[in-house]
Amino acid sequence: MPRPPVALWIWYRGGTFRGFQRQVLGPTVQEALEAALQEVGVPATVMPCGRTDRGVHARMQVVSLRVERGDSAEELAARLPARLPADLGMCAARKPHPSFHAQWSAAGKTYRYRLQLAGTVAPQWHPYVMRVAEEPRLASALNDITPERLAELLARAVGQRDFTAFHENSSPRKLRTLESATLHELGGGLFEVVLRGDAFARYQVRYLVGSALLTAAGLLPEELWRAALETGERIAGLKAEAAGLVLWEVRYPAKLDPFTPAERAAPPGLPEGPPFLGTPEG
């Protein structure tokens with residue numbers, strides 16, 4: 001008999017880890033999670049919905065794994081949380097649909113990027129935002145960046161496009177759909193970019209946000225920004241730092257989604273405070 005499948009919803013603060021995927025230099029999220037699973041008697045290799053890079057946070061990362069025969073998602077949910085390190089936790093463990101796969105079943109993702117456009121970063125936000133004033137390429141034109149201009153540029157990125165100009169060559173070149181890109185004020189000069197799409201390539205969010213800032217500052221000609229969006233033409237863009245980025249949500253078709261609407265609206269066990277919280281979309 002095959003080992004039973006389980007879908008885990010985990011969260012983490014990325015500053016502690018060198019990304020999700022296991023690597024020699026560690027520590028990584030995968031390494032910490034698989035070590036905790038080993039401690040509770042579930043030796044397993046986990047499959048995430050996607051990898052996050054060093055310093056990137058996740059409010060909702062979904063992983064697939066198989067537990068030992070005779071074990072269950074409910075028993076794992078009772079044993080695993082106490083074995084996880086402080087910056088890694090679990091919201092839910094569920095028995096998924098037989099055809100569920102954390103990565104291949106995903107229908108889309110939402111990312112949020114936090115940036116301090118003006119004022120002083122509040123102490124609780126220090127590890128979780130991009131300080132625009134401290135970015136060397138933007139320092140000469142900070143006063144030219146307005147929220148209205150940044151929101152306008154981000155909105156122009158919406159649509160089905162070849163985003164090659166905004167991601168690493170390690171990701172395949174193909175059409176991806178950015179369903180929405182909006183900017184929201186959180187107060188005290190802190191803003192949040194919310195990007196929702198069907199799929200994202202490596203560094204795509206960080207290059208989109210950073211290059212929109214560069215264009216809003218007048219340091220990247222708008223015609224180059226437009227050409228990059230329309231044709232995939234390479235530009236000397238800006239990769240925004242990892243600290244501001246959160247993998248916010250992973251979406252699945254209703255018949256395959258292991259998690260209920262109520263859990264998605266109020267994730268059980270999710271820590272209060274930055275870098276998660278709730279804002280425009282809940």
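Please specify each residue of the range 147-158 satisfying the condition of being touching a residue at least 40 places away in the same chain (Cβ under 8 Å), surrounded by fewer than 17 Cβ atoms within 10 Å (Cβ to Cβ) and in contact with a strand residue (DSSP E or B) (Cβ under 7 Å, 6 or more places away or on another chain).
Result: Pro147, single match.
Out of Arg54, Arg59, I need the residue that is in contact with a strand residue (DSSP E or B) (Cβ under 7 Å, 6 or more places away or on another chain), of a type in the set (D, E, K, R) and either modelled with pLDDT of 95 or more or not assigned by TED's automatic domain parsing to the domain that holds Gln204 (or both). Which one?
Arg59
So Arg13 fits all but one of (1) within 15 Å of the chain's Cα centre (by Cα); (2) farther than 26 Å from Arg196 by Cβ; (3) not hydroxyl-bearing (Ser, Thr, Tyr); what number is the exception?
Tallying (1) within 15 Å of the chain's Cα centre (by Cα); (2) farther than 26 Å from Arg196 by Cβ; (3) not hydroxyl-bearing (Ser, Thr, Tyr), Arg13 fails exactly one: (2).
Given the options Gly55, Gly41, name the one that is over 20 Å from Phe100 (Cα atoms) and buried (at least 17 other Cβ atoms within 10 Å of the Cβ).
Gly55
Of the residues Ala86, Ala35, which single one is part of a helix (DSSP H, G or I), surrounded by fewer than 17 Cβ atoms within 10 Å (Cβ to Cβ) and among the small types (Gly, Ala, Ser)?
On the way: Ala86 fails: part of a helix (DSSP H, G or I).
Selected residue: Ala35, the only one of Ala86, Ala35 that is part of a helix (DSSP H, G or I), surrounded by fewer than 17 Cβ atoms within 10 Å (Cβ to Cβ) and among the small types (Gly, Ala, Ser).
Select from the range 98-121 the residues that are farther than 25 Å from Arg206 by Cβ and modelled with pLDDT of 95 or more and write down the one among them that is surrounded by the fewest Cβ atoms within 10 Å (Cβ to Cβ). I'd like the intermediate steps shown before the answer.
Our first condition is that a residue be farther than 25 Å from Arg206 by Cβ; within the range 98-121, this holds for 98-101, 105.
Within this subset, residues satisfying the condition of being modelled with pLDDT of 95 or more are 100-101, 105.
Working: Phe100: 21, His101: 17, Ser105: 22.
Only one residue fits best here, namely His101.
Could you please give the count of residues in the range 100-150 that are under 27 Å from Val63 (Cα atoms) and touching a Leu at 6+ places or on another chain (Cβ under 8 Å)?
9
Only residues that are part of a strand (DSSP E or B) and of a type in the set (S, T, N, Q): list them for the range 170-191, please.
Hits for the range 170-191 are Thr177, Ser180, Thr182.
Check off (1) in a loop (DSSP other than H, G, I, E, B); (2) modelled with pLDDT of 95 or more for Val194 and give me the number that stays unchecked.
Only one criterion is unmet by Val194, namely (1).
Quick test of your reading of the structure: Leu208 fulfils all but one of (1) more than 20 Å from Trp11 (Cβ to Cβ); (2) over 13 Å from the mean Cα position of the chain (by Cα); (3) surrounded by fewer than 20 Cβ atoms within 10 Å (Cβ to Cβ). Name the failing condition by number.
(3)
The values are calculated or read from the model by the stated rules, or taken from the named source; none is laboratory data. These numbers come from a predicted model, not from an experiment. So basically every Cβ, Gly included, is an ideal-geometry build from the backbone, and we count neighbours across all protein chains shown.
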